[in-house]
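What follows is calculated from the coordinates using simple rules that are stated; it is not laboratory data. Remember, it's a predicted structure, so these values are computed and weren't measured experimentally. In this analysis, Cβ positions are derived from the backbone assuming ideal geometry, glycine residues included, and neighbour counts consider all displayed protein chains.
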Amino acid sequence: MTRYVMAIDLRRCVGCQTCTAACKNANATPPGVQWRRVLDLETGEFPDVRRSFVPVACMHCDEPPCEEVCPTKATTKRPDGLVAIDYDTCIGCANCVMACPYEARSIVHDVKFAYGDKPIKSEEVRFDPARIAVSMKCTFCIDRIDLAAKTGQVPGRDPDVTPACVNSCISGAMAFGDLDDPDSKVSRLLAETQHFRMHEELGTGPGVYYIWDKK
Amino acid sequence: MSSTTNPQSVRKVPTYCYNCVAGPDFMNVKVVDGVATEIEPNFAAEDIHPARGRVCVKAYGLVQKTYNPHRVLQPMKRTNPKKGRKEDPGFVPISWDEALDLVSAKLTSVRAKGLVDDSGLPRVAATFGHGGTPGMYMGSLPAFLAAWGPIDYSFGSGQGVKCVHSEHLYGEFWHRGFTVAADTPLARYVISIGSNVEASGGPCAVTRHADARVRGYKRVQVEPHLSVTGACSAEWVPIRPKTDPAFMFALIHVLVCEQGLDKLDVAFLRDRSSSPYLVGPDGLYLRDAESGKPLLWDERSGRAVPFDTEGAVPAVAGHFRVEGAISIDADDARQQFDVAEGITAYTKLVEHMAKYTPEWAESICDVPAATIRRIANEYLENASIGETIEIDGQTLPLRPVAVTLGKSVNNGWGAFECCWARTLLATLVGALENPGGTLGTTVRLNRPHDNRLLSVKAGEDGFMAQYFNPTDKEHWVAKPTGRNIHRTLVPIVGNTAWSQALGPTQLAWMFQREVPSDWNMPLPTLPDVWFIYRTNPAISFWDTRTLVEEIAKFPFTVSFAYTLDETNWMADLLLPEATDLESLQMIKVGGTKFVEQFWEHRGVVLRQPAVEAQGDTRDFTWISTQLAKRTGLLEAYNNALNRGAGGGAPLKADGYDYSLDASKEHGVEEIWDAVCRASSASLSEGREVHDLEWFKEHGFYTVPMSKTEWYLSPTLEKQGLRYEMPYQERLLRIGRELGNRLHEHKMHWWDEQLSEYAALPEWHDVPGRWTQQIANAGGKPEDFPLWLLATKSMQYHTGGNASIALMREVAQNVRGHTGVIINAKTAKSLGISDGDRIEVRSHIGATYGDAVLAQGVRPDTLVILGQFDHWATPVAKDFGMPSLNTIAPMSMELTDATGSGSDIVRVAVRKVERKEAV
Amino acid sequence: MKAAKIRSGDRFSPHQQHNWDWRAASNFIAGGTGGGLLAFAAFASLWGTDVRALLVAGMALIGIGLTCVWFEIGKPWRALNVYRHLATSWMTREAAVAPFVFGSGVLALATGQSLFVLLTGIFGACFVYAQARILAADKGIPAWRHPRCMPLVAATGFAEGASLLAVAAPFVIPQVAGQIAVATAALVLLLLRVLLWRNYLRSLRSDGAPEGSLRALSAIDGQFLKYGNLLPAILLLVGVIGAPLASPALILAGLIAVASGWWFKYTLVRRAAYTQGFAIPHLPVRGRGPAGPAVKPGWGGA
């Protein structure tokens, strides 16, 4: 079996939003929609303060609550671990938005572009009306994963079939790959570090692991 | 996936991003049916680029930069002769022919009048933006500028106050470090004082520090607010602003007065520093009467001998009786000592630092003495003195500790002390320019720029040769040759290609308005023609409301323009260039470059048109060639290109000749094809020659380089040279000489700055200078109880990208990009809640923004990210963001001896109604 | 995702959901009451009450609710896709119940057959239950997914249904005993609603929830108890003991109880609907030193 997951090393992340921007580039998301972003989290009181950076996106859960509540089966859990949305089926009811404890999903009802009502060239060639008024979220760059099946490349190892955010990360905080493959980069990384998953107590089985210390 | 049509063609075009000085970095542009859609890393460079072929967040805005609907897409000329913020410039489109005719007519008339004016100042001035990066986008313009002759680069756009200015000057002086970094891949302990390297260090620094964190190095961030770098550090020390010298003096105190010489790197101090040099009763080196060479105490023979005496074993510490020595003061004034007490420079240091205890520093810095002492001791412990490492077959000392300094620590008053202390802290433990330690990265005042090791030449007194501006009576430049007077006022900045831009650039602006009463030099004039490119001083310098009025007085301003902005609002001519993704250029990469670009390769990389130039924008090389042709400088321009002025390598050298026919006009591709061939031939020593087509496909070409080239100390060792540390006899002397020259000309307006020339720096009330300046300007210091600092943002830092919508969107995820960071408790005491509109007022004006409440900032400090407060730049003018620049004064009192100022101002803050906030 | 003004904490603390507005809330408000009313109408029909008007009202309420939702969803012309996920989606199930409600309801009205009346009541009850489960399945909203939320939402639906029956009682149930029975039933359901409400709020506080949810719910607590439940309960008691003005008391009590139920549901679906936010069990080690403590910004109680 294959279970694609992401491992994010919080020790490395500097909150620069390169992944946020790379994702917006790669997925042509409209202004205000960020399929992934990095939280800038300050805790404590002066002078005993910490500031941490936590990238968040769709967790591609084992038991996706979005999939459970979706009335249309637009949201599906694939055998390789990806949670996908069929834009042509989705009715934009937002039930999945309410079900997701990771604020990963959004619905845009109006057509908007970076500089107002008119698209610039790069937006024009990539504008996809199918994504208006339906639920959308991080796909783990699903097209690239699917390409891997055709080319024999390995997601997480070969950039062409690895999510854009992972490719872009300048601090090397992100790794992607098959958790069921003990030799994959993520498996090895997770074996040698301490990590947690977000809101694990909710039983969603998120597919994103956050590394916080060595073992 | 997001394309709704089936693309006919998808290409990935290799190129580079060098929008900030921390570059260049490699990237690919994805082009779908001729339209750039995405920026991606260039993984072909993964093994040679320190950031593994990745670019930072700014680069991802380049697609929008290309298609930004607010771009200037054809040449424009001003129709409203009146210039001012309230005057609509009335730009109208014109043809390139008309535009080039206009500018070349102007230039030709200037040439006819003479290249310099009656005041001896160049009639043509140019201002380019951040850290030399515009050069990476201006094609062959440098060849035109070289062909032209004298050009005044005096008018800064933040140079000296937004960079790490003192580090540039003193860093090159002490260890050929124009910028200075930790040897992060080997470092175990880094004291980072205000250095926001995780925001401004680019992908290379971020990659290196992330690796170091995972490896387990400890970085202590000493800074008034919890920056991104502080966030990623093991410890945050919230120091009181501008008290860093006191903190560092106390660290030195712990090392030399509490731990003592035995714990330090005695061999390094003895052999690589001037620690053993004997200082006489007049504070100058005791010198050999005959040769004039500094003396040291030879423990073997038990007497004072010239520093370079073969076989001598120098005493590092002690007081010694010396007979028959002399000292040499300013203007070669010699004093003879029959008998004198010679104290080693090291012992002078120890005695000097005795008073600077951690307890003394505690009250100044608001940092507990125990913390300072612990940090000093951790630093010493981690230095692992005695340890070695083998790099490329060479055994070198391993000293994995470093001290790094950031903007505002590193410029303005107090910066000299900090640079000295930083270099000294490295020297004491042998970590200066050794593996793991504190390293310079590149040189700009010295040459050659791409290999700083080659800049090391033996100079006087056993030190490296320095190329100061003369201060002796015969050679001192009494009549300034540029409007910021760098050659006259700042000996250490020298007079090479970069020197002028590193002069006291705010003086150029200040003196346009008013010169000091005892000014006895020709009065500064305005340049006849001013070129600006990738710069917006009306936003990025200080006292910007007044600055705009100065800019409006410039008679003929030519802006190579991207959008209309606050500076080119006053321009007469806008010439739109084909920008990042649309034009052709080759630059050098690799070696060691600014910030943390430490490579194990060197080579060249091509920037190429990934897409067609938008509108009627033109490749900069075409514009440059046209300017050269129309001003009759074609031959000189081509010759400059042949010398290598366009970047890459000279077009002709031993073993190859791709030089251009100097008499002919050459096309853009032809010029860069020659550069491609020459560069590859030069790098491979003739083994490989690649043309433009090859580079268009492959993007870059590099050859390996040994990592040992990162470290300067082995070169000094090879040449038997010493670092000029700890005692600054030379600076003391030239400071006195400079004083003599100015006083001979009855000028005393630079006297306060002359106080900075000291052999061993003393603490002076650095923060007090800011309150004093308010009082002197007629204000009440108590009305401005808080500090306002500016800090950098990776998303915006020098990107010229304020009008990129994507950047605005993603930057909002990072704290501070929505307004003014204020301590939550302070805010509460002032009745300010998160998101409230607030006024931040200094004694010269006010700026407005939304309050961003935080715990990670000192209660006495406010912080503004980046520089905004735009009123003309599209998109940015609607941000409602504040800027320190609007309310920071340009002041002689706040200018240090290098001519720089610090990015900090005293302010008051209050909540205002939203409508007031304009 | 509306581009509202961003404050520092908004990026990681729970924030009020913006996707379901008054239209979605209306479905829970009207649909729940309608379903509850159908159930109690069916119940009342067992005693021979003419419930036709009540059936019409119940179906109308459900219809209004569903219409509101139809206006809210992004792709209304694909609305029928809602029926594709009966296996797990309570939204599908809610939608699936609706035709049965209307089918049996229309048959009941047309034929007068008590079987259809009863079926309509049962389907109405199912509709209420399905709605409660929709909210319970939304893990992203801690105030909804709390195990004590679902019974409360169901209870208020039935309490509102019983209360509407109380409003109708003076018109459709001539016998005093019948009116007293209705008043008693409504009283019991109000009591149940109050108990579940207090229980829910207490548990939410003790288990921890987004501060915004606690704030919004606490803000209505006092008035909801006093005016939303106690006052109608007293009025219903007046009805139960058969005092003079019993009929007006029943009508007034019913209207107040329904209104307060709607007020609660609007609060729950809109104002108290805060997202989960983000929590970090271990702040990362930065080079050297200890990891930071667990943080869960924007959460209160517990």
Debye log10 I(q)/I(0) at q = 0.12, 0.16 Å⁻¹ for the range C:197-292, Cα point scatterers: -0.55, -0.76
Shape category assigned to the range B:347-456 from the gyration tensor of Cα positions, a/c cut at 1.5: oblate
Separation between Cα centres of the range B:202-235 and the range C:165-191, rounded to whole Å: 71 Å
Peptide B:205-213 - average C-beta neighbours from other chains (10 Å radius): 5
Helical mean residue ellipticity (222 nm; -39500 (n - 2.57) per DSSP H run of 4+; nearest 500) of chain A: -5000 deg cm²/dmol
Set of aspartates and glutamates near A:Lys215 by C-alpha distance (under 14 Å), chain-local residues within fewer than 8 positions excluded: A:Asp9, A:Glu192
Amide proton proximity set for B:Ile191, modelled H, under 5 Å, gap of 5+: B:Val220, B:Ala402, B:Val403, B:Thr404
Contact order relative to length of the range B:411-494, as percent, for alpha carbon pairs under 8 angstrom and 6 or more apart: 15 percent
Mean Cβ count within 10 Å, highest first, over the residues of peptides B:414-420, B:725-731, C:288-294: B:414-420, B:725-731, C:288-294
Reachable lysines, given that their alpha-carbon falls under 22 Å from the alpha-carbon of B:Lys707 and they are not under 8 places away in the same chain: B:Lys457, B:Lys588, B:Lys593, B:Lys718
About the Cα centre, charge dipole magnitude for the protein assembly as shown (Lys/Arg +1, Asp/Glu -1 at Cβ), debye: 4540 debye
Listed pairs A:Lys112/C:Lys139; A:Lys24/A:Lys121; A:Lys185/B:Lys218; C:Lys139/C:Lys226; B:Lys242/B:Lys407; B:Lys479/B:Lys553 exceeding 19 Å between Cα atoms: A:Lys112/C:Lys139; A:Lys185/B:Lys218; C:Lys139/C:Lys226; B:Lys479/B:Lys553
Shielding by partners - mean other protein chain Cβ count within 10 Å, residues of A:160-171: 5
Greater than 32 Å apart at Cα, pairs in B:Lys162/B:Lys877; B:Lys473/B:Lys780; B:Lys77/B:Lys629; A:Lys150/B:Lys12: B:Lys473/B:Lys780
Residue-averaged [θ]222 nm for chain B, counting only DSSP H segments that reach four residues, each worth -39500 (n - 2.57): -7500 deg cm²/dmol
The range B:156-300, relative contact order in percent, only Cα pairs under 8 angstrom and at least six apart counted: 12 percent
Alpha-carbon centroids, the range B:260-325 and the range B:746-804: separation in whole Å: 38 Å
Under 14 Å, Cβ to Cβ, from B:Ala578 - net charge with Lys/Arg +1 and Asp/Glu -1: -2
Net dipole in debye of the range C:18-274 [+1 Lys, Arg Cβ; -1 Asp, Glu Cβ; about Cα centre; nearest 20]: 580 debye
Relative contact order (%) - the range B:766-916, alpha-carbon pairs under 8 angstrom, separation at least six: 33 percent
Of C:Ala125, C:Val285, C:Val194, farthest towards positive along the dipole that unit charges on Lys, Arg, Asp, Glu beta carbons give chain C: C:Val285
Cross-link reach list, lysines versus B:Lys348, counting only Cα pairs under 22 Å and skipping chain neighbours closer than eight places: B:Lys263, B:Lys293
The range C:219-234 - phi-based ³J(HN,Hα) in whole Hz, Karplus 6.51/-1.76/1.60, Gly and Pro as x: 5, 9, 3, x, 5, 4, 5, 5, 8, x, 10, 5, 4, x, 4, 4
Segments B:531-539, C:36-44 sorted - mean Cβ within 10 Å per residue, highest first: C:36-44, B:531-539
Angle between chain C longest axis and helix C:176-207 axis [Cα atoms, degrees, rounded to 10]: 10 degrees
Cα gyration tensor category, rounded, prolate or oblate, for chain B with a/c compared to 1.5: rounded
Inter-chain Cβ neighbour average for residues B:226-232, partner chain, 10 Å: 6
Environment charge at B:Asp903 (Cβ cut-off 12 Å; Lys +1, Arg +1, Asp -1, Glu -1): +4
Shape of the range B:846-918, Cα gyration tensor, a/c cut at 1.5: oblate
Segments A:36-43, B:262-269, A:21-28, B:107-114 sorted - mean Cβ within 10 Å per residue, highest first: A:21-28, A:36-43, B:262-269, B:107-114
Beta bridges by DSSP in the protein assembly as shown, antiparallel share as percent, to the nearest 5: 70 percent
DSSP-defined beta bridges in the range B:766-916 - what % are antiparallel, rounded to 5: 65 percent
Beta bridges by DSSP in chain B, antiparallel share as percent, to the nearest 5: 65 percent
Amide H contacts of B:Arg618 (H built 1.01 Å from N, under 5 Å, at least 5 apart or other chain): B:Glu577, B:Ala578
For the protein assembly as shown, with +1 on Lys and Arg beta carbons and -1 on Asp and Glu, the positive-most of C:Ala42, B:Gly437, C:Val82 along the dipole: C:Ala42
Rounded to 10°, Cα long-axis angle of helix B:634-643 versus longest principal axis of chain B: 50 degrees
0 to 90° range, to nearest 10: angle between helix B:668-683 axis and chain B longest Cα axis: 30 degrees
Karplus-derived 3J(HN,Hα), 6.51/-1.76/1.60, for each residue of the range C:91-104, Hz, glycine and proline x: 6, 4, 5, 4, 5, 5, 5, 3, x, 5, 4, 5, x, 5
Whole-Å distance, taken between Cα centres, linking the range B:415-450 and the range C:112-141: 76 Å
Distant-in-sequence amide H partners of A:Ser135 (H built 1.01 Å from N, under 5 Å): A:Gly92
Ranked B:Lys746, B:Lys696, criterion: other C-beta atoms within 10 Å, fewest first: B:Lys746, B:Lys696
From phi via Karplus (6.51, -1.76, 1.60), per-residue ³J(HN,Hα) for the range B:129-141 in Hz, x at Gly/Pro: x, 3, x, x, 5, x, x, 7, 10, 9, x, 9, 4
For B:Pro704, net neighbour charge (Lys/Arg +1, Asp/Glu -1) across residues whose Cβ lies under 14 Å away: -3
